[in-house]
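Following: one structure in structure tokens, then a few remarks.
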Amino acid sequence: MLQDFPAIPAGWAYLDTAATAQKPQIVIDAIAAAYGETYATVHRGVYQRSADMTLAYEAARERVARFIGAGSSAEIVYVRGATEAINLIAQCWGGTVLKPGDRILLSQLEHHSNIVPWQMIAERTGALIDVAPLTADHCIDLDAVEAMLTPQHKLVALAHVSNVLGSVLDVKRAADLAHAVGAKLLVDGCQAVARLPVDVTALGCDFYVFSGHKLYGPTGIGCLWARPELLEAMPPYQGGGSMIDKVSFAKTTYAPPPTRFEAGTPHIVGALGLHAAIDYVESIGLDAIHAHETALVRQTREALSAMNSVTLFGPEDSAGIVSFAIHGVHPHDVGTILDEGRVAIRAGHHCAQPLMEALGVPATARASFGVYNGPADVDALVKGIERVRRIFG
Ligand code: PMP
């Protein structure tokens, strides 16, 4: 697999896939061909090249729908990424549905992009936010969620896989709990789509969002899936070209979803790159990727748990991500020293400051795996950590 990734030189352990995945040659080739051979606008041109590009752009939407088990490609809205998707849902769905006193339930481990948009819309609508705690092994506590939910809750919004801890949510149970009180379930699938098989229909959620760049695809493209009746009832997010049915100064009417939510010339090439990325991960298989990353997580956790100055966060069976702290050493120093040994990890709060507060640390060091990693990368990480411990006594 490593040979598919031209930006990973020999001997470099890239362990920051949770931030963004490296790109396989097949994705780079798809992007180069889209700009270099077949480029044209979509949905507007009367010439053949544009019609062909439109077909390719819409074929990518169909590929996404099949990939996540959506009922139809009309349920897939292209966005810039998960952040834009959640803002869109907060503004368009939340802005219409939420009333003063309504409640939104989030969890302690959410990424800022699944917190701040809800705070913004709560402030505008008078809705209130509740925060579900974590279990002792740092998973979202669904027993607590069950006890907290009331008929005032209109939305539960949770990460499928935590970007810091790798904790995997039981989405089916979360959906049942939300629906039992009449709430909708939004799932932030950013870390999940590249690590686990996802079928939104089987999971029973109402909204599912992800970014293309964490799925070995390009930056600047992501997807929002929602049940069709929810999209149908939502007003547009932004106004402009493409999203209209008819424009006049007397009255403008809007296109049906998903077009209604896609104002302006879209990220055409991004969609084609995403198509290639989905083909790539499915050629390996999500079950195989999950098994591969689980083995690397196990190897990492076993090695680190044998070191007495290292604290491991997250559950044993985390999906592809291991966060840790070394006693007396700031995670940034850990990251810098590891980099000297050609090991790239992330250190910081990982856009999850409320989680850091719950863990009682200012930051963590995080190693996250992808299809290109192998046991030698874990060995390099462990060697680097041993060096950190020697340097800091
Ligand atoms: N949610 C999670 C769980 C994430 O890991 C990330 C990216 N770190 C996001 C949301 C936001 O994704 P993006 O920055 O691509 O919009």
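Observations, loosely collected:
- Amide H contacts of Gly222 (H built 1.01 Å from N, under 5 Å, at least 5 apart or other chain): Val79, Arg80, Gly81, Gly212
- Evaluating 6.51 cos²θ - 1.76 cosθ + 1.60 at θ = phi - 60° for every residue in region 381-393, the Karplus couplings come out as 4, 5, 4, x, 5, 4, 5, 4, 5, 5, 4, 8, x Hz, glycine and proline recorded as x.
- Nearest-ten-degree value, helix 25-36 long axis tilted from longest Cα axis of the chain: 40
- Distance histogram for the chain (every C-alpha pair counted, 10 angstrom bins, percent rounded to whole numbers): 5, 23, 30, 24, 13, 4, 1, 0
- Computed over neighbours whose Cβ is under 10 Å from that of Ala175, the net charge equals 0, Lys and Arg +1, Asp and Glu -1.
- Residue of Ser73, Ser162, Ser107 that the Gaussian network model of the chain assigns the largest fluctuation, springs spanning Cα pairs under 10 Å: Ser73
- Rg/Rh (Cα only; Kirkwood hydrodynamic radius) as it applies to region 198-254: 1.10
- Taking 0.692 mPa s as the viscosity and 37 °C as the temperature, the Stokes-Einstein diffusion coefficient of region 240-393 based on its alpha-carbon Kirkwood radius rounds to 175 µm²/s.
- Positive-pole candidate from Ala347, Pro235, Ala288, dipole of region 225-352, charges at beta carbon: Pro235
- Near Leu15: Cβ cut-off under 10 Å, other residues only, Lys/Arg at +1 and Asp/Glu at -1. The net charge is 0.
- Phi to ³J(HN,Hα) by Karplus 6.51 cos²θ - 1.76 cosθ + 1.60 over region 346-352, Hz, x for Gly, Pro: 10, 10, x, 8, 6, 6, 9
- Summed residue charge, Cβ within 10 Å of Pro258's Cβ, Lys/Arg positive, Asp/Glu negative: 0
- Cα-centred dipole magnitude for the chain, charges only on beta-carbon of K, R (+1) and D, E (-1), debye, nearest 20: 740
- For His330, distant residues with modelled amide H under 5 Å away: none
- 3J(HN,Hα) along region 38-46, derived from phi through the Karplus expression 6.51 cos²θ - 1.76 cosθ + 1.60 where θ = phi - 60°, amounts to 10, 5, 5, 6, 10, 6, 10, x, 9 Hz, with x in place of Gly and Pro.
- For region 104-175: rounded, prolate or oblate by the Cα gyration tensor [a/c cutoff 1.5]: oblate
- Taking packing as the residue-averaged number of other Cβ atoms within 10 angstrom, the listed peptides 111-119, 183-191 run from highest to lowest as 183-191, 111-119.
- Cα centroids of region 35-59 and region 67-141: 34 Å apart.
- For the options Thr83, Thr219, Thr96, a Gaussian network treatment of the chain with springs between C-alpha atoms closer than 10 Å singles out Thr96 as fluctuating the most.
- Where the Cα pairs of region 1-127 fall when distances are cut into 10 Å bins, in %: 10, 24, 29, 24, 12, 1
Where a number appears in this text, it was derived from the coordinates with a stated rule and is not lab data. All values derive from a computational prediction rather than experimental measurement. Cβ coordinates were reconstructed from backbone atoms using ideal geometry, including for glycine residues, and neighbour counts include every protein chain displayed.
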